[in-house]
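J.: This structure is in structure tokens; I'll ask about it shortly.
Values quoted throughout were computed directly from the atomic coordinates according to the rules given, and no laboratory measurement underlies them. Note that the structure is a prediction, hence the values are computed from the model and not measured. Positions of Cβ are generated from backbone atoms using ideal geometry, with glycine treated the same way; all protein chains shown enter the neighbour counts.
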């Protein structure tokens, strides 16, 4: 009974109760506040979520590097958070941002620069809005 009360509070109440996964993360979708374009999907741990709220800048947790990072700290391609929303069960975050430059580490405006195409049983990818805004090798010193 307590679990259903807790779930009801999380889903219908006004208490901020992020529901982190087994790795301590919530998924975050970032969209452009002006256009609605999906820019990227990343993850936040508790610290990244709280820093994002406190600073108004997007902070994430890198699963590959196992480290906290502020969007744009090395590239200059920053995200100013205009609005943050939680989904119904508080295990996903949507942030509406003012994006400076490119959101994707590949140098593109959005991480979603390829459309899935299926023809004759074969599935492939086709570039869509795939123009680079910066050279990742120059920015990240790869």
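J.: Among 27-37, 82-92, what's the highest-first ranking by average C-beta atoms within 10 angstrom per residue?
T.: By packing density, highest mean first, the sequence is 27-37, 82-92.
J.: Indicate, rounded to the nearest 5 percent, the antiparallel portion of the DSSP beta bridges found entirely in the stretch 1-104.
T.: 75
J.: Report the semi-axes of the equivalent ellipsoid for the chain in whole Å, largest first, where each axis is √(5λ) for an eigenvalue λ of the Cα gyration tensor.
T.: 29, 20, 14
J.: Hey, another quick one. How far, in degrees from 0 to 90, does helix 46-55 lean away from the longest principal axis of the Cα atoms of the chain, to the nearest 10?
T.: 80
J.: Determine how many Å³ per residue the convex hull of the Cα atoms of the stretch 63-118 encloses.
T.: Once divided by residue count, the hull of the stretch 63-118 is 147 Å³.
J.: Taking neighbour Cβ counts within 10 Å as the exposure measure, how do 123, 38 sort from fewest upward? Could you put the intermediate results ahead of the total?
T.: Numbers: 123 9, 38 15.
Lowest to highest Cβ neighbour count: 123, 38.
J.: Tell me the angle of helix 2-12 to the major Cα principal axis of the chain, expressed in degrees between 0 and 90 and rounded to the nearest ten.
T.: Relative to the chain, helix 2-12 is tipped by roughly 50 degrees.
J.: Which of 102, 48, 115 moves the most in a Gaussian network model of the chain with Cα springs under 10 Å?
T.: Per the Cα network of the chain with a 10 Å cutoff, 115 tops the list.
J.: Please report the relative contact order for the chain, taking Cα pairs under 8 Å with a sequence separation of at least 6, and give it as a percent rounded to a whole number. Before the final figure, lay out the partial values.
T.: Details: 261 pairs, mean separation 28.5, N = 142.
So the answer I get is 20 percent.
J.: While we're on this one: Picking from 121, 13, 101, which is most flexible by a Gaussian network model of the chain using Cα springs under 10 Å?
T.: Looking only at 121, 13, 101, the biggest GNM fluctuation is shown by 121.
J.: For n ≥ 4 DSSP H runs only, could you compute -39500 (n - 2.57) per run for the chain, divide by its residues and tell me the 222 nm figure to the nearest 500?
T.: Working: 3 runs with 26 residues, N = 142.
Taking each H run of at least 4 residues, the total per residue is -5000 deg cm²/dmol.
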